[in-house]
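What follows is one structure encoded as structure tokens, with my remarks underneath.
The values are calculated or read from the model by the stated rules, or taken from the named source; none is laboratory data. No experiment lies behind these values; they were computed from the predicted model shown. Don't worry about glycine lacking a Cβ; one is built from the backbone with ideal geometry, like all the others, and counts go over all protein chains shown.
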Amino acid sequence: MAWVTAGVVLAAGAGRRYGMPKALIPYPDRLLVERAADTLREAGASPVVVVLGADARRVIEAAPGLPQTVINPEWETGMGSSLRAGLRALDGSPADAAVILLVDMPGITAGAVRRVIAYSGPDALVMGGYGGRRGHPVLLGREHWAGVVASAVGDQGARGYLKAHPVRVVPVDDVADDLDLDVPELNPHA
């Protein structure tokens, strides 16, 4: 059976350590938020939702081709509230699962997302694997959304929920990297 897999880009943070909202960072020729949304679309995720918060109006103006956007009014509380907002935005969709991308991880490729989506389904819990580390993309089957929403607090996102449940780890380090652009010094295009 072909499952419907939605995509969610978490792009609401202010990027305090970076000095600006990461959604607005060029990398190299597109904004990180455009890059993440395009990666999900190229991988076949549909619908795609982008969760914005800090400087949301500026992001929308700078990236007018974004798919559906959701404004997280609680973005200052951390990634957990953005994950909740993204999953809630999919409530009425036909999605059986959602693949989650963080805006500040430009090394996640459509190939890595497709590899994770291959294990999609309502009961799926899947993470990309990098050697011995678990990371993004993260696939959350619909049956887990309520539990993830209930446990997603602060900057932990789904971490606690994923630690408490069996997760399939799919190696993606041959087609992606898990560089997290927390500071400008990590951006080779800055």
Scan the stretch 81-88 and tell me whether some residue there is of a type in the set (S, T, N, Q) and within 17 Å of A23 (Cβ to Cβ). yes
Count of residues meeting criterion [free of Cβ contacts under 8 Å to residues at least 40 places away in the same chain and aliphatic (A, V, I, L, M)] in the stretch 3-55: 4
Of all residues making up the stretch 134-158, the number that are at pLDDT below 95 and in contact with a Pro (Cβ under 6 Å, 6 or more places away or on another chain): 0
Checked the stretch 1-23 for anything among the hydroxyl-bearing types (S, T, Y) and at pLDDT 95 or above; matches are T5
Give the residues of the stretch 161-190 that are small (G, A, S) and more than 24 Å from G107 (Cα to Cα), sorted by residue number. A164
Expected output for the stretch 160-176 (first residue over 21 Å from M79 (Cβ atoms), partner part of a loop (DSSP other than H, G, I, E, B), Cβ below 7 Å, 6+ apart or cross-chain) is R168/Y119; V170/Y119; D173/G131; V175/T109
Residue satisfying condition, being among the acidic types (D, E) and under 20 Å from M20 (Cβ atoms), within set E76, E42, E143: E76
Quick check on D155: is it closer than 20 Å to D104 by Cα, touching a helix residue (DSSP H, G or I) at 6+ places or on another chain (Cβ under 9 Å) and in contact (Cβ under 8 Å) with a residue 40 or more places away in the chain? yes
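Only one of V103, V113, V138 is aliphatic (A, V, I, L, M), closer than 20 Å to V50 by Cβ, crowded, with 23+ Cβ neighbours inside 10 Å and free of Cβ contacts under 8 Å to residues at least 40 places away in the same chain. Can you tell me which?
Unique residue meeting the criteria: V138.
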Exception for G135 within (1) under 24 Å from E76 (Cα atoms); (2) out of contact with any Asp or Glu (no Cβ under 8 Å at 6 or more places or on another chain) falls at (2)
